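The values are calculated or read from the model by the stated rules, or taken from the named source; none is laboratory data. All values derive from a computational prediction rather than experimental measurement. Glycine also receives a Cβ, built like all others from the backbone with ideal geometry; neighbour counts cover every protein chain displayed. Only protein heavy atoms, including side chains, enter the accessible area calculation; ligands, DNA and RNA are left aside. Shrake-Rupley method; radii C 1.70, N 1.55, O 1.52, S 1.80 Å.
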Amino acid sequence: MANSKQARKRARQAETRRVLKASQRSMVRTYIKRVVKAINVGDHAQAMAEFKVAQPVIDRIADKDVMSKKKAARLKSRLNKRIKALAA
């Protein structure tokens, strides 16, 4: 348990940040699942549309340090690779 006033404040801030980041991570996962669902169905046009919506969301979350920029880039790359495989 935090003993000083400063430590109590840091604990409050950490909890607030944790809740916010959890919500944002969940939102990103939802967008990714939409893209994956379209890929699994085999609908290239739908997958591209969902990917174009998900891409800026993933970037925004990476900019806020909810997810590392490298992980965001890796996710986008892998999704794009799967979408391109559908077209071939």
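For this structure, a couple of remarks:
- HN-Hα J in Hz across the stretch 47-61 - Karplus 6.51, -1.76, 1.60, θ = phi - 60°, x for Gly and Pro: 4, 5, 5, 5, 5, 5, 6, 6, 4, x, 5, 4, 4, 5, 5
- The Cα-based radius of gyration of the stretch 38-88, divided by its Kirkwood radius, gives an Rg/Rh of 1.03.
- Largest-first ellipsoid semi-axes for the chain, taking √(5λ) over the Cα gyration tensor eigenvalues, angstrom: 36, 11, 8
- Ignoring aspartates and glutamates fewer than eight residues from LYS69 along the same chain, the ones with Cα atoms less than 19 angstrom from its Cα are ASP59.
- Among the protein heavy atoms of the chain, carbon and sulfur supply 52% of the accessible surface, probe 1.4 Å, non-protein parts ignored.
- Protection proxy ranking, peptides 72-82, 10-20, average beta carbon neighbours within 10 Å, highest first: 72-82, 10-20
- Charged neighbours of ALA38, selected by a Cβ distance under 14 Å, balance to +4 (K, R count +1; D, E count -1).
- Summed side-chain charge close to VAL19 - residues other than VAL19 whose Cβ falls under 12 Å, Lys, Arg +1, Asp, Glu -1: +4
- The stretch 1-41: C-alpha pair distances exceeding 13 Å, %: 63 percent
- Over the chain, dividing the summed -39,500 (n - 2.57) contributions of all DSSP H runs of at least 4 residues by the number of residues returns a 222 nm mean residue ellipticity of -30500 deg cm²/dmol.
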